[in-house]
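J.: Below you'll find the structure I mean.
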């Protein structure tokens with residue numbers, strides 16, 4: 001699924017979240033990227049927002065290259 005955030009597009013390859021959560025993840029990610037330059041801070045912000053909104057413990061990894 002591809003979702004637009006304005007100038008850029010987010011590509012979600014696989015998710016077990018519903019459509020609303022996916023859109024909120026895209027919106028939250030765009031806000032975090034605008035607000036922070038450090039990937040660790042971006043991930044921390046997204047994790048905090050999802051912990052707050054949905055409860056439980058969420059995990060977020062942000063970076064440019066991964067081994068999978």
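Computed from the coordinates by the stated procedures, all read-outs in this text should not be read as laboratory data. It should be emphasised that the depicted structure is a prediction, and the values quoted were computed from it without experimental measurement. Note that we place each Cβ from the backbone using ideal geometry, even for glycine, and neighbour counts take in every protein chain shown.
J.: Given the options 45, 54, 14, state which has the largest fluctuation in a GNM of the chain using a 10 Å cut-off (strictly under) for Cα springs.
T.: Among 45, 54, 14, the largest mean-square fluctuation in the Gaussian network model of the chain belongs to 14.
J.: Based on the mean of other Cβ atoms within 10 Å per residue, sort peptides 15-23, 31-39 so the most packed one is first.
T.: 31-39, 15-23
J.: For the chain, rounded, prolate or oblate, judged on the Cα gyration tensor with a ≥ b ≥ c (square roots of eigenvalues), a/c < 1.5 rounded, else prolate if a/b > b/c?
T.: It comes out rounded by the Cα gyration axes.
J.: Right, something else. Could you work out how much longer the chain between residue 12 and residue 52 gets when fully extended? Use 0.36 nm per residue separation minus the Cα distance between them, nm to one decimal.
T.: Gain on extension, residue 12 to residue 52, equals 12.2 nm.
J.: Under a point spin-label approximation (7 Å from Cα along Cα-to-Cβ), what is the residue 44-residue 31 distance to one decimal in nm?
T.: So the label points at residue 44 and residue 31 sit 1.8 nm apart.
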